[in-house]
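These notes are about the structure you will find just below.
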Amino acid sequence: MAFSDRKSLIPSYLYSTTSANSSKNLSTALDNHHGNMDKKNFLIAAPKEGSGYKVEMYTPAFYAASTIGGILSCGLTHTAVTPLDLVKCNMQIDPAKFKSISSGFGILLKEQGVRGLFRGWAPTFLGYSAQGACKYGFYEYFKKYYSDLAGAENAVKYKTLIYLAGSASAEVIADVALCPFEAVKVRVQTQPGFARGLSDGLPKFVKAEGAAGLYKGIVPLWGRQIPYTMMKFASFETIVEQLYKHAIPTPKDQCSNTTQLGVSFAGGYLAGILCAVVSHPADNLVSFLNNAKGATVGDAVNKLGVWGLCTRGLPLRIFMIGTLTGAQWGIYDSFKVFVGLPTTGGAPPPAQK
């Protein structure tokens, strides 16, 4: 079998290498493992340094690395912006009192002190760590799975659809992990005196609304997070590809790790702005439903209006999500570099022969 025929068996374009000798290394690896090609696993050198192979693609170790990277990227970043999220949620729930970002911070500082700005950090950290684990881990899995289903030629031709399908599938699972923590977080952040945090807030929530109440917001959460994640992954991959094509004068395989990670942050920030706009109406719904017992989507529309659902708290969320998404991609790709994987995105896929 010719090398080009072997290469077509694996959608390697989805994980572009950055070592200058990557083609030679890949060819050697494939030749040495000719009898094992049905496994569709191959090795990729660490970006730039080319210090040797560390993680084998599409193995349990690869998906474990993706999962850990997702935990770090989502859990740490969401916890860090807890004060911004706290102000945003209160602006959505009580706009008459919390009229702006600056006044919102002032009110919270006056009423709850500095410590109060991090109210709800525990459900935020645990919930978004669980979500990040599923989001990134399953995204890598479904991206590979759908690429194999499509076949090499269609996987290249319809790569954006694969990004969209893979991210949507991953987010369905991720939100099941997030939803109970999100319900408690919103209640703790928007109802002072309800609970100090997760440890006492969770049993109080379950006692008041039952275990099923923890998933009362799952549908609007899907409505917020699935479009958000589809935009996050598909636009990021596209933006990074275009940055290397039009804005970076040096080919990706000749860029330093610092430059590559800078591109990851910039691409993530731009993608985050798009994510915020697309998912904001559902974000308002989630906050409204989790704050008021027995509230419905119709109640939210009647009280906030369609324009209010789309715009209330949006400037703050654009800033928060842009920064958040940029930092998440930076952390995720930093961890990938650490374990010997290339950064995400880059040059467009090569033409299939």
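If amide hydrogens are placed 1.01 Å from N in the peptide plane, which non-local residues have theirs closer than 5 Å to the one on GLY346?
For GLY346, whose amide H was placed from the backbone, the distant partners under 5 Å are GLU241.
Over the range 209-353, give the accessible area per residue in Å² for a 1.4 Å probe, as an integer.
On a per-residue basis, the range 209-353 sits at 40 Å².
Would you pull out the residues with amide H under 5 Å of VAL55's amide H, same chain only if 5 or more places away, H placed 1.01 Å from N?
Those lying under 5 Å, H to H, from VAL55 are ILE44.
Please give, to one decimal in nm, the separation of the simple spin-label points placed at ALA295 and GLN254, each 7 Å out from Cα toward the Cβ.
Taking the two extended label points, one gets 5.6 nm.
What number results when the radius of gyration of the range 152-303, computed over Cα atoms, is divided by 2.2 N^0.38 Å?
Rg over 2.2 N^0.38 Å, computed on Cα atoms: 1.33.
Taking the range 58-109, which trypsin sites (Lys or Arg not before Pro) meet the DSSP loop condition and have no more than 14 other C-beta atoms within 10 Å?
Answer by residue number: LYS97, LYS99.
The values are calculated or read from the model by the stated rules, or taken from the named source; none is laboratory data. Predicted, not measured: the structure shown is a model, and the values here were computed from it. When we count neighbours, we look across all protein chains shown, and the Cβ atoms used for this are built from the backbone with ideal geometry, even at glycine. For accessibility, only protein heavy atoms count, side chains too; no ligands or nucleic acids. Shrake-Rupley method; radii C 1.70, N 1.55, O 1.52, S 1.80 Å.
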